[in-house]
1. Write down the accessible area per residue of the range 174-216 in Å², having rolled a 1.4 Å probe over the full set of protein chains.
2. On a 1.4 Å probe surface of the protein chains, which of VAL188, VAL49, VAL159, VAL209 comes out largest in accessible area, and what is the full order?
3. Report the calculated FRET efficiency for GLU130 and VAL214 (r = Cβ-Cβ distance, R0 = 30 Å), to the nearest 0.05.
4. Which of the trypsin sites (Lys or Arg not before Pro) found in the range 68-105 are in a DSSP loop and have at most 14 neighbouring Cβ atoms, other than their own, within 10 Å?
5. Would you kindly derive the ³J(HN,Hα) couplings of the range 216-221 from the backbone phi angles with the Karplus curve 6.51 cos²θ - 1.76 cosθ + 1.60 (θ = phi - 60°), listing them in order in whole Hz, with x for Gly and Pro?
6. Ignoring ligands, DNA and RNA, what percent of the 1.4 Å accessible area of the range 125-218 is carbon and sulfur?
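The values are calculated or read from the model by the stated rules, or taken from the named source; none is laboratory data. These numbers come from a predicted model, not from an experiment. As a convention, Cβ positions derive from the backbone with ideal geometry for all residues, glycine included, and neighbour counts pool all protein chains shown. Each accessible area value is taken on the protein alone, full model and side chains, heavy atoms only, with ligands, DNA and RNA left out. Shrake-Rupley method; radii C 1.70, N 1.55, O 1.52, S 1.80 Å.
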Amino acid sequence: MKILYPSAGNMARFPRGFLALALVAAWALTGSSAEAGYREGEQVEVRGVVTDTDGNPVPGVEVVLEASRSRLKLRTLSREQRDRTRLSSLTDERGRYSIQWHWNRYYNTFELIAGVPVRQADGGDLQPLERLDITRRLERSNPLVTPLVVEDAEYIATVRKFLASLSTDDENRIYQQMGKPDRVEEQVSSQREEAAWWYFESGHVFRFVDGSLVSDERFSPVKPF
């Protein structure tokens, strides 16, 4: 269908309400739609390999297929995503992942999210590192082979090192409550090990001695740096 838009010279002739309705109709017709040729409940596979910027496979990365219903909000003339649902897969030692989705015509928007599993301050368990809209491609290809490139591989190594260091009940409890700290400062001597976990946005610094929590100090929240 060809959509005709009024020219700048003619726009003044149209009532404001008519222009708003015209914009809504145009947006609706050109918006996202997942009208694919799949049967309801048919299995659709999304697979690929996650690598770093040098082409090396990245194991242990969580790849999430997020499906949602996209619709137009008339009041703000903007799109919103509703009823998000997720399926996930961890990459193997070769960086490979595979996700099976049973087709449901209700959902019309699909994204792939690659991230590292880690507790977040907001209660989430994934730090996204890469996002990719695959709606149009998923309509046309089954299986859909989609490689993903994670640029911040150093962050993944930092997270894994921190998680491997958790060894006491106090450390695990604070991690579960607050998520990964923005900064970790450590001081090791022959007598004891000291650590400070900084959470800048919430205004907390937790201090540990030999893994035991000794203080929770407060300060004015600031943006991480």
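1. Numbers: 2450 Å² over 43 residues.
Counting only protein heavy atoms, the per-residue value for the range 174-216 is 57 Å².
2. VAL188, VAL49, VAL209, VAL159
3. On the way: r = 39 Å, r/R0 = 1.29.
Calculated value: 0.20.
4. On the way: sites: ARG69, ARG71, LYS73, ARG75, ARG79, ARG82, ARG84, ARG86, ARG94, ARG96, ARG105; in loops: ARG75, ARG94, ARG105.
Within the range 68-105, the qualifying trypsin sites (Lys or Arg not before Pro) (loop, at most 14 other Cβ atoms within 10 Å) are ARG75, ARG94, ARG105.
5. Whole-Hz 3J(HN,Hα) from phi for the range 216-221: 10, 9, 10, 8, 5, x.
6. Values: 2440 of 5690 Å².
Carbon-and-sulfur percentage of accessible area, whole number: 43.
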